[in-house]
Ligand code: PEP
Ligand code: MG
């Protein structure tokens, strides 16, 4: 079984009927890029950058950050990497900063909201990304987390453009043409996805947070863990809405939340029209196995059925039966 999964790395990532799927890696530390490469990942779909804040001395400076990005970009040898800007706060704590000073941190000043409020930290990170992209010439994309409103995305993108101009004025090589995307992990952004799709280069659906906010169930709170499931039909309907908005606008849509790495959900996501999945490296072989066994027509029928379900239990039952049939 282990040998079978290992031998998958070199096989094409496509369904049994030949639909190409992009299978990407999620990483939290630069060194994990090797684990993704070994398992045949098509690139990095989510490079979380909170690791810079795990030390107690505060974040590293621009050059040190640029070096870390450049190392990952080089290791990918031309494959794409989507770098997510800082997503601090709420479930992502940092040492040395008082936590829970807000009554509802998940609804508070976290993630992109905080980056926009602390422009110096944000600009340093953006400068480092643009420098690393220029230095390596790699396929780099920038992604903003927790985008809630169109205005917020515009403001973040304007900051990126401003930083690029600033570097140019300083005579420092920087790339001004990088694709810029939004994570869809707040219901407001999903609901507005038809309009947002006209302004972004790509979407990446963060189902971990999206599930938490749709169901009003804290992703870290065990007492409501029974409610917190991405199999809830409300979550599936909103993913469907975002996938359609992306399809209509002709932009790429990836799922990078943890369901992208759960074989149980693979066929459902394919059936919803999502052909880009980003998952932790150890999940890549299992997901690839399901992709190669899946048939597009059956995946679409599964998605149609799931969209008609009234409960998470019904959806899970459907998914389990479909997975057994496929493998
Ligand atoms: C998500 O919310 O689904 C996501 C991918 O981001 P994180 O888990 O880092 O919040
Ligand atoms: Mg998230």
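Just so it is clear, none of the values below were taken in a lab; they were calculated from the coordinates. Just so you know, these numbers come straight off a predicted model, no measurement behind them. Positions of Cβ are generated from backbone atoms using ideal geometry, with glycine treated the same way; all protein chains shown enter the neighbour counts.
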- Query: When the chain is fully extended, how far beyond the present Cα-Cα distance does residue 313 get from residue 166, taking 0.36 nm per residue of separation?
  - Reply: 47.6 nm
- Can you work out the FRET efficiency for the pair residue 63 and residue 155, with r the C-beta to C-beta distance and R0 = 35 Å, to the nearest 0.05? 0.85
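What fraction of the Cα pairs in region 54-130, stated in percent, has a spacing above 20 angstrom? Kindly include the intermediate steps, with their values, before the conclusion.
On the way: 1165 of 2926 pairs.
It works out to 40 percent of all Cα pairs.
Suppose R0 equals 41 Å; then what is the FRET efficiency for residue 305 and residue 106 from their Cβ-Cβ distance, rounded to the nearest 0.05? Walk me through the numbers before you get to the answer.
Working: r = 32 Å, r/R0 = 0.78.
It comes out at approximately 0.80.
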- Query: What Kirkwood hydrodynamic radius, in Å, does region 27-85 give when the mean of 1/r is taken over all pairs of distinct Cα atoms and then inverted?
  - Reply: 11.9 Å
- Cα-based equivalent ellipsoid of the chain: semi-axis lengths in Å, sorted from largest, via gyration tensor: 32, 23, 19
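What are the semi-axes of the equivalent ellipsoid of region 1-128, taken as the square roots of 5 times the eigenvalues of the Cα gyration tensor, listed largest first and rounded to whole Å? Don't skip to the end; give the middle numbers.
Working: eigenvalues 219, 60, 37 Å².
Taking √(5λ) for each eigenvalue gives 33, 17, 14 Å, largest first.
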- Message: Just to confirm the number: angle between the C-alpha axis of helix 284-293 and the first principal axis of the chain, 0 to 90 degrees, nearest 10?
- Response: 40 degrees
- Message: To check my understanding: the extent here is largest minus smallest coordinate of the Cα atoms along each principal axis. What are those three numbers for region 198-327, in Å, largest first?
- Response: 40, 37, 32
- Task: Any chance you could give the angle, 0 to 90 degrees and rounded to 10, that helix 119-136 forms with the longest Cα principal axis of the chain?
- Result: 80 degrees
- What are the semi-axes of the equivalent ellipsoid for region 104-199, taken as the square roots of 5 times the Cα gyration tensor eigenvalues, largest first, in whole Å? 25, 15, 11
- At R0 = 35 Å, FRET efficiency that the Cβ-Cβ distance of residue 327 and residue 92 yields, to 0.05: 0.50
- Task: May I ask for the angle, rounded to the nearest 10°, between helix 62-75 and the longest principal axis of the chain, with both axes built from Cα atoms and the value confined to 0 to 90°?
- Result: 40 degrees
- In percent, what relative contact order does the chain have, based on Cα pairs under 8 Å that are 6 or more apart in sequence? 19 percent
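By how many nm would the segment from residue 5 to residue 77 lengthen if fully extended, with 0.36 nm per residue of separation less the alpha-carbon distance?
Values: separation 72, 0.36 × 72 = 25.92 nm, distance 2.38 nm.
Result: 23.5 nm gained on full extension.
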- Rounded to the nearest whole Å³, what is the per residue volume of the convex hull around the Cα atoms of region 240-280? 56 Å³
- Message: Once each part is reduced to its C-alpha centroid, what is the distance from region 254-327 to region 51-76 in angstrom?
- Response: 34 Å
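For the chain, what is the mean residue ellipticity at 222 nm derived from helices alone (per DSSP H run of n ≥ 4: -39500 (n - 2.57); sum divided by total residues; nearest 500 deg cm²/dmol)? Don't skip to the end; give the middle numbers.
Details: 14 runs with 151 residues, N = 327.
When only DSSP H runs of four or more count, the value is -14000 deg cm²/dmol.
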